[in-house]
Amino acid sequence: MDAWWTALHDLPADALRAAVKRFIMTADGNDWPTPGTIRQMAVEFRDGRPESSQETVGRIFEAVRRFGIYEPESAKKFIGPLGWAAVKNCNGWAWCCELKSENRGIYAAQLRKAVEALRERELEASLLPTELIPPVRSPSHSPVA
């Protein structure tokens, strides 16, 4: 019981109740949930389900059409922090706006991958206390073969 308390005590009771109900209603009956399963469901109830990477990329290209190169602050607000970080990681807003239509498919795939990687880190940060998140190792600290 201590492990369950340690894993779940910081989450709101209503989110935990909803997570347990969801598990009971969707499980096949042979499984007992782990604290991590309940935690992930409860965090989703607390924070809301994230949009798909496809939806985020669609919002980015909609922002290009609406705001163009000269209104990056409006675009940033429309796209949201995760999508904007993906844009910055993939050559920036100006480059995104100046893309030719024949290259947008390739760029959209790069953006989707960037969004997915950023969302994975964001999810880990929302699920775990700060002290349990391993630091990101920079390339300069990689072991040399």
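Quick note: the coordinates plus some simple rules give every number you see, no bench work behind them. Quick caveat: nothing in here was measured; it's all calculated off a predicted structure. Virtual Cβ from ideal backbone geometry, glycine too; neighbours counted across all protein chains shown.
Considering Arg104, Arg66, Arg119, Arg59, the condition of being touching a Gly at 6+ places or on another chain (Cβ under 9 Å) and of a type in the set (D, E, K, R) is satisfied by Arg59 alone. Taking each residue of the range 51-63 that is on the phi < 0 side of the Ramachandran plot and looking for partners that are surrounded by 15 or more Cβ atoms within 10 Å (Cβ to Cβ) and among the charged types (D, E, K, R) with beta-carbon atoms closer than 6 Å, six or more apart or interchain, yields Ser53/Arg112; Val57/Arg112. Among the residues of the range 15-59, those that are over 15 Å from the mean Cα position of the chain (by Cα) and part of a loop (DSSP other than H, G, I, E, B) comprise Ala27, Asp28, Gly29, Asn30, Asp31, Trp32, Pro33, Thr34.
Scanning the range 60-106 for residues that are outside any helix (DSSP H, G or I) and within 16 Å of the chain's Cα centre (by Cα) turns up just one, Gly80.
So, in the range 33-84, of the ones that are among the small types (Gly, Ala, Ser) and surrounded by fewer than 18 Cβ atoms within 10 Å (Cβ to Cβ), which residue ends up nearest to Gly105 (Cα to Cα)? Walk me through how you get there before you give the answer.
Kept after step one, since they are among the small types (Gly, Ala, Ser), are these residues of the range 33-84: 36, 42, 48, 52-53, 58, 63, 68, 74-75, 80, 83.
Still in the running and surrounded by fewer than 18 Cβ atoms within 10 Å (Cβ to Cβ): 36, 48, 52, 58, 68, 74, 80.
Numbers: Gly36: 36, Gly48: 29, Ser52: 17, Gly58: 11, Gly68: 18, Ser74: 24, Gly80: 21 Å.
Among them, the one singled out is Gly58.
Here Pro135 meets each of (1) part of a helix (DSSP H, G or I); (2) surrounded by fewer than 17 Cβ atoms within 10 Å (Cβ to Cβ) with one exception, condition (1).
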